[in-house]
Amino acid sequence: MSKLNETDIQGFVLRGYNLPFARYLFLHFEDASRARSLIARLLSHVTTGQRWDGGKPQSTVNIAFTHRGLQHLELPEATLLSFPVEFQQGMKHRAPILGDSGVNAPEHWDKVWREDRVHAWLGINGLTAEALDARCSALHAAMEETGGAAILASQDAAAVVRDGKPTTSEHFGYTDGFGNPDYLGVQRSSQPGQGKLLPDGTWAPLATGELLLGYADEAGELPVAPIPHLLGSNGTFMVYRKLHQNVATFRAYLDQQAALYPGGKEKLAAKFIGRWRDGTPLELSPDREDPAIVKDQIRNTAFTYGADPEGSRCPIGAHIRRVHPRDAFGFNGQLINRRRITRRGLPYGRFAPEDEPASDSEERGVIFMVLNASLPRQFEFVQQQWVQYGNDSRLGNDKDMLMGQHGGHGSFVVQGDRSPTNPPFVCTNLPDFVELRGGDYFFLPSITALGMIAKGLVDPR
Amino acid sequence: MPNKNGSVYGLTILSPIIEDPRATPSHDLQIRDYLAGLSTREDSPFALAPGTHLARLVVMDDVVYVGAPACEEHLKSKYLIFESNCDGDLDTYLSGLAATVPEHLDAIWRHCVGYPGAGNRKAFIDYMKACQLETTFFFAAVNNKTVTETLRALQTQTAVADFIAAHQGVEPAVLQREFIQFAAHLKSQPIPLPGSMGPHRTIETGGRNE
Amino acid sequence: MSNINGKVYAMNAITPMKPWKTWILRAAFFLLDHVKPMQKDLIDLSFIEFARWVVVPRKGLPFLGNGQQEEVLQYDYLLFFSNFNGTWNQYIDAFSAVLAKGLNLVWRWSEKFPGSVPVTLFKEYIARVQFDTDYYYTAYPHATANDVKSAHIVQLSLDSLSAVAGQSTPQQFADAWLTFVLEVQTHLGETGDAPIAG
């Protein structure tokens, strides 16, 4: 396994920054040479994967491009055509495959995503709101001075603050932030439950090529990447999705169902996801929250489903079981090693505590970003086959309870056992708790590749 | 015996298609054209005749040349492949086809060499058997249920899921009474037609996969 | 023409084999048929409804006279017909990932087979030897192999419950009902349309 050059990889790919403030700028390039000058200027801002052994920076910057963005930067035709087809088409074009129809269809997206004008994503994270603003000012200045890009839209996001402290909570009240995979060479230490399952029951990191282009993937091949190699290596593909959350609908539905569910409201909420709202995995603690487990990195994601084939602890269709089946499909987990994704993102919109009213029409939700080497094999597959469909879990057409698009139909079965507080239970007439408001596919280049793009030196040989 | 797996029969028939340079369009294209217009749903000949789980018809133009150093060779005729996964006994199945949908069989197979027509039952069965290839290895996920049993079970599955959802927290005496009614009603329901899709979903997922 | 009907995909493939290798293949199939544990993985993969291999000896194509020309072939051929759930890519990825040895046992006797790992070369070979279905019928397009298996379990459990429902006291029935629901609780997925393949 080759050693990773962390100074060549954008930091956003290698780790979640855990900086509580973010702003995402969506850029449009009018003129290729001015845009290239801008990228050259931005290079000094871009945060690499170098470790922060001296402490967190005040703010970070990362950049990614849509295929049309790369076209507008006048990359050579042969290079443009060598990008994976899915990236070339873009997320809007692939809406039917992702099940982005009905209320999630592109015609309902935010204006910036309905039009095909987004060329680049600039992701800025900050330790404080002031640091974020300061960095953004510097970036604005660069854009002004070079005339390299217009800002089509800006999206703020921030960690939910509770009791004065930033948390990893999201708007439905769940604690997020578990379950990002380990990759060979990326993490310093492996967290049990995060990589791939070995026949002896231990966990090993996934092949680097599941995340980064230019490295062997789990199938012992190099993921499809653009030519020249130098453009693609150490880069990756990013999915950006703005997911609006219907908090009022969620709370009303949970209350209504909980009234009929003998296990109580918090347990039912836990059954939807597979973790209690504080993050305790149901599989490890089916009856109560357990802060000790949550805090323990070695334990909080170290479990398998082998002892729970009926789903009576963690329902078969619960979110985390759907998107990371672990050993649930047999074959020592080999069928899922190429279906893992890295998630980044933050909530957006005003957080409404439980005791305050919240309306579905208020702007709030989560900015959901996925990093993976292969869009069709990883993100699209999980979205199409495991979130919007259920055959692999033997759940027929049933969709993910919270993330699936139901339109008032469908059902979610909470498998149970004979205990009075854990009976089988069925939730029906599922509303759409989450709505897609837009997004696209981006290519996140290495530092070297950024330099090549900035200097117009991409040669497809 | 290899053609069977449990109660399911793996029928593989390769019928040589008539080579006639004077036919316009050629016989293989005529078959293709007819098949393109044939319904694959509840009015399919395989839905109307009994016993077909899954079946396909394929015009095989030629063998495949996999590239040097393999030798390139070609078939002298094209073949109509009929691959069927069906219930039970071969003679019964073929008779069922001939009895129920003779016009479709004739429209398709009249383009094949030596086809006697579905009107003559014995000749038809002999013809099919003359074109039959032995299935060397046959795998079936479910090998012990007929088409009718399968359709009935699928109907039951949907009905049961709905009944369970609608009867949560109902007290035992009422539950028992309503269950008995439900089971009786379900038993009396007609079996869904083979080849018909389940309840139409209102969410647009694009319909046919193409 | 479509290879797809509802949730099931009809794959057809033909590969040439040097006739002396056909005997080895027949032996391999004999083993597969009689050594049940070898079939276990195939069963566990659970997305194949029906699949078959047909060895066509070079003199084995039906010859009916009546003006038909007799075939003169060098190779024997292996025909493969599969009826599977999921997309083409998903199907081949899964086989390559977990059933590589079994696949190799069947196809290594075919000319120019590259092996089932690495998967990209394997997919190229399949694309080369696959030919398309003109007409595809299924009696249950809205159900996968998993759906069908689940449906049979539900039917069986329902029949058992029905048999005792009339003779139980309400309390006995309540117990039997819970047992029933626990038996079917992982088998209640809806059936319907398939996701769209890219």
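The values are calculated or read from the model by the stated rules, or taken from the named source; none is laboratory data. The structure presented is a predicted model; accordingly, all values stated were derived computationally and were not measured. Glycine gets a Cβ as well: all are built from the backbone with ideal geometry, and neighbour counts include every protein chain shown.
Tabulated data for the structure shown
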{"read-out": "Complete set of residues in segment A:383-408 that are at the interface with another protein chain (Cβ under 7 Å from one of its Cβ atoms) and over 21 Å from the mean Cα position of the chain (by Cα)", "value": "A:391, A:394, A:395, A:396, A:397, A:398, A:407"}
{"read-out": "In segment A:29-50, the residues that are under 28 Å from residue A:341 (Cβ atoms) and either of a type in the set (Asp, Glu) or in contact (Cβ under 8 Å) with a residue 60 or more places away in the chain (or both)", "value": "A:39, A:42, A:43, A:45, A:46, A:48"}
{"read-out": "Complete set of residues in segment C:108-144 that are more than 7 Å from chain B (Cβ to nearest Cβ) and on the phi > 0 side of the Ramachandran plot", "value": "C:115"}
{"read-out": "Segment B:164-174, residues that are more than 7 Å from every other protein chain (Cβ to nearest Cβ) and either surrounded by 16 or more Cβ atoms within 10 Å (Cβ to Cβ) or within 22 Å of residue B:7 (Cα to Cα) (or both)", "value": "B:167"}
{"read-out": "Output for segment C:53-84, where each listed residue is within 7 Å of chain B (Cβ to nearest Cβ), more than 17 Å from residue B:60 (Cα to Cα) and part of a strand (DSSP E or B)", "value": "C:83"}
{"read-out": "Qualifying residue in segment C:144-156 (condition: surrounded by 22 or more Cβ atoms within 10 Å (Cβ to Cβ), charged (D, E, K, R), modelled with pLDDT of 95 or more and out of contact with any helix residue (DSSP H, G or I) (no Cβ under 6 Å at 6 or more places or on another chain))", "value": "yes"}
{"read-out": "Any hit, segment A:313-321, residues being closer than 27 Å to residue B:171 by Cβ, in contact with a helix residue (DSSP H, G or I) (Cβ under 6 Å, 6 or more places away or on another chain) and surrounded by 16 or more Cβ atoms within 10 Å (Cβ to Cβ)", "value": "yes"}
{"read-out": "Considering residues of segment A:337-352 that are in contact (Cβ under 8 Å) with a residue 24 or more places away in the chain and part of a loop (DSSP other than H, G, I, E, B) only, the residue farthest from the chain's Cα centre (by Cα)", "value": "A:352"}
{"read-out": "Considering residues of segment C:15-37 that are among the aliphatic types (A, V, I, L, M) and either at the interface with chain B (Cβ under 7 Å from one of its Cβ atoms) or surrounded by fewer than 16 Cβ atoms within 10 Å (Cβ to Cβ) (or both) only, the residue nearest to residue C:87 (Cα to Cα)", "value": "C:32"}
{"read-out": "Helices (runs of 4 or more DSSP H) completely within segment B:92-172 that count 2 or more residues being within 30 Å of residue C:64 (Cα to Cα)", "value": "B:102-109, B:121-130"}
{"read-out": "Filter result (farther than 16 Å from residue B:75 by Cβ and either aliphatic (A, V, I, L, M) or crowded, with 22+ Cβ neighbours inside 10 Å (or both)) within segment B:14-28", "value": "B:23"}
{"read-out": "Flag if residue A:70 is in contact with a helix residue (DSSP H, G or I) (Cβ under 9 Å, 6 or more places away or on another chain) and not polar (S, T, N, Q)", "value": "yes"}
{"read-out": "Considering residues of segment C:157-175 that are hydrophobic (A, V, I, L, M, F, W, C) and crowded, with 18+ Cβ neighbours inside 10 Å only, the residue farthest from the other protein chains (Cβ to nearest Cβ)", "value": "C:161"}
{"read-out": "In segment B:69-95, the residues that are more than 10 Å from chain C (Cβ to nearest Cβ), touching a helix residue (DSSP H, G or I) at 6+ places or on another chain (Cβ under 8 Å) and of a type in the set (Gly, Ala, Ser)", "value": "B:95"}
{"read-out": "Lone qualifier among C:76, C:147, C:159 - being touching a residue at least 40 places away in the same chain (Cβ under 8 Å) and farther than 25 Å from residue B:135 by Cα", "value": "C:147"}
{"read-out": "Subset of segment C:38-66 [of a type in the set (Phe, Trp, Tyr) and either surrounded by fewer than 14 Cβ atoms within 10 Å (Cβ to Cβ) or more than 20 Å from residue C:19 (Cα to Cα) (or both)]", "value": "C:47, C:50"}
{"read-out": "Any hit, segment C:145-156, residues being facing chain B (nearest Cβ under 7 Å), more than 12 Å from residue B:157 (Cβ to Cβ), in a loop (DSSP other than H, G, I, E, B) and under 16 Å from the mean Cα position of the chain (by Cα)", "value": "no"}
{"read-out": "Check on residue A:279, at positive phi and in a loop (DSSP other than H, G, I, E, B)", "value": "yes"}
{"read-out": "Which numbered condition residue C:104 misses (of (1) away from chain B (no Cβ under 11 Å); (2) out of contact with any helix residue (DSSP H, G or I) (no Cβ under 9 Å at 6 or more places or on another chain); (3) within 29 Å of residue B:157 (Cα to Cα))", "value": "(3)"}
{"read-out": "Segment A:7-22 residues that are within 19 Å of residue A:178 (Cβ to Cβ), paired with ones that are surrounded by fewer than 23 Cβ atoms within 10 Å (Cβ to Cβ) and of a type in the set (A, V, I, L, M) (beta carbon under 7 Å, 6 or more apart)", "value": "A:14/A:186; A:19/A:127; A:20/A:158; A:20/A:159"}
{"read-out": "Residues of segment C:176-196 that turn out to be buried (at least 18 other Cβ atoms within 10 Å of the Cβ) and either within 7 Å of chain A (Cβ to nearest Cβ) or out of contact with any helix residue (DSSP H, G or I) (no Cβ under 7 Å at 6 or more places or on another chain) (or both), as a count", "value": "13"}
{"read-out": "Answer from A:26, A:87 - the residue that is at pLDDT 95 or above, of a type in the set (Phe, Trp, Tyr), part of a helix (DSSP H, G or I) and crowded, with 18+ Cβ neighbours inside 10 Å", "value": "A:87"}
{"read-out": "Any hit, segment C:34-42, residues being within 21 Å of the chain's Cα centre (by Cα) and farther than 24 Å from residue A:394 by Cα", "value": "yes"}
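Matching residues to (1) in a strand (DSSP E or B); (2) under 19 Å from residue C:112 (Cα atoms); (3) of a type outside the set (Lys, Arg):
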residue	(1), (2), (3)
C:9	yes, no, yes
C:20	no, yes, yes
C:24	no, yes, yes
C:31	no, no, yes
C:43	no, no, yes
